[in-house]
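The values are calculated or read from the model by the stated rules, or taken from the named source; none is laboratory data. Keep in mind it's a predicted model, so treat the numbers as computed, not measured. Here Cβ is always computed from backbone atoms with ideal geometry, including for glycine, and neighbour counts include all displayed protein chains. Remember, those area values only see protein heavy atoms, side chains included, never the ligands or the DNA or RNA. Shrake-Rupley method; radii C 1.70, N 1.55, O 1.52, S 1.80 Å.
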Amino acid sequence: MSSFFSDDRGMIEPYSELPAMALAVVGFIIFMAVLAQTYMTYQEKSFIAGHYQDASNLANKLGQDSSLIGTRPGIIDTEKLENLKKDPNEILEKYGSYYNLMFKVESNSMERSYNIIIKKPGSSDPKAGVSASIPVTIRLNDVEELPGTLTVRIWSKK
């Protein structure tokens with residue numbers, strides 16, 4: 001029996017399991033990071049899928065709102081847009097009760113370009129959100145109109 005305790009051939013070196021344990025911990029951390037990223041991507045995609053129709057409906061409402069259109073229905077007036085750009089809070093409060101939002105009216109016609117973005121002052125652009133666009137006609141003055149798009153972007157309030 002004493003030869004069993006005095007035989008050093010079966011002993012392991014001290015701390016020889018540390019590299020294997022470190023490798024297992026690193027693998028677990030990488031697995032958790034991949035799992036967290038997958039969950040975040042799923043959350044973003046499910047928000048987009050669930051709220052695209054809301055963004056589309058909001059774009060249609062804005063395209064017919066009296067604070068944007070001029071004397072003729074369906075034609076966005078640039079004078080009203082410029083006035084709205086100076087003080088956007090009224091329309092953003094009117095339509096931004098459930099979501100943060102910004103909208104853009106732009107035209108890249110060959111004759112002339114027009115681009116205006118309206119959002120709350122001081123708000124930053126979100127990483128994830130839902131955008132929807134509709135075609136509109138933009139009235140520049142009494143004789144000049146351009147084809148363009150009205151794009152609405154919404155993202156959740158936190």
**Complete:** Among (1) closer than 27 Å to LYS45 by Cα; (2) touching a Ser or Thr at 6+ places or on another chain (Cβ under 8 Å); (3) modelled with pLDDT under 85; (4) not aromatic (Phe, Trp, Tyr), ALA59 falls short only on (3)
**Prompt:** What number of residues in the stretch 1-29 are modelled with pLDDT of 90 or more and hydrophobic (A, V, I, L, M, F, W, C)?
**Reply:** 8
**Item:** Residue count, the stretch 73-93 (criterion: in contact (Cβ under 8 Å) with a residue 24 or more places away in the chain and open to solvent by less than 100 Å² (accessible area, probe 1.4 Å))
**Value:** 12
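Listed here are the residues, each with its yes/no results for (1) of a type outside the set (Val, Ile, Thr); (2) closer than 30 Å to GLY148 by Cβ; (3) open to solvent by 70 Å² or more (accessible area, probe 1.4 Å).
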{"residue": "LEU35", "(1), (2), (3)": "yes, no, yes"}
{"residue": "TYR52", "(1), (2), (3)": "yes, yes, yes"}
{"residue": "ASP65", "(1), (2), (3)": "yes, yes, no"}
{"residue": "THR71", "(1), (2), (3)": "no, yes, yes"}
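Which residue is farthest from ARG153 (Cα to Cα), if the candidates are limited to the stretch 105-130 and must be at pLDDT 75 or above, open to solvent by less than 60 Å² (accessible area, probe 1.4 Å) and out of contact with any helix residue (DSSP H, G or I) (no Cβ under 7 Å at 6 or more places or on another chain)?
Restricting attention to the stretch 105-130, the residues satisfying the condition of being at pLDDT 75 or above are 105-108, 129-130.
Filter once more, keeping what is open to solvent by less than 60 Å² (accessible area, probe 1.4 Å): 105-107, 129-130.
From the residues that got through so far, the ones that are out of contact with any helix residue (DSSP H, G or I) (no Cβ under 7 Å at 6 or more places or on another chain) too are 106-107, 129.
Working: GLU106: 14, SER107: 17, GLY129: 7 Å.
Selected residue: SER107.
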